[in-house]
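The values are calculated or read from the model by the stated rules, or taken from the named source; none is laboratory data. Quick caveat: nothing in here was measured; it's all calculated off a predicted structure. Here the Cβ positions follow ideal geometry from the backbone for every residue, glycine too, while neighbour counts run over all protein chains shown. Side chains are part of the model used for accessible areas, which takes the heavy atoms of the whole protein and leaves out ligands, DNA and RNA. Shrake-Rupley method; radii C 1.70, N 1.55, O 1.52, S 1.80 Å.
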Amino acid sequence: RRSSDLVRLLEAGADVHVVAPNSGIQLTRMSRKGLVNLERRAFQIEDLDGVWFVQALTNDPEVNALVAEEADRRGIFCVRGDNSPEASAFTPATQQAGGMTVSVVVTAPHVVLPGCGMRCCEPCKADQ
């Protein structure tokens, strides 16, 4: 994921913990500065203990699916970088310019709406 996404999480006050066997230069720098907690290893189910939001952003769809399934079982919001329709949460594409922030979200009819718990083909009636 882009480091700008991590910066936005940090600006919002998030405690960012990254588990990854490998990391890029920017993530390593952020870790060295103490901005994020980085553990260079494979994902373990226990990594989800005590969290309420997780992003499964590996290059391995099986690992992403495992993270998402366990997050769903625990009621944790989960973003999947490889398969957003199978995620319980999403992050918009966001850009800032001239003091304005623009976010774009693309959804499909089979997306599970957070907080609703059902697959919807039209706007969630629970919100009306």
Can you find a residue that is closer than 23 Å to Thr101 by Cβ and either open to solvent by 60 Å² or more (accessible area, probe 1.4 Å) or not in a helix (DSSP H, G or I) (or both) anywhere in the range 19-29? yes
Of all residues in the range 44-63, which are surrounded by 14 or more Cβ atoms within 10 Å (Cβ to Cβ), assigned to a helix (DSSP H, G or I) and in contact with a helix residue (DSSP H, G or I) (Cβ under 9 Å, 6 or more places away or on another chain)? Asp47, Leu48
With the range 64-104 as the region, which strands (runs of 3 or more DSSP E) entirely inside it contain at least 1 residues that are touching a residue at least 60 places away in the same chain (Cβ under 8 Å)? 93-97
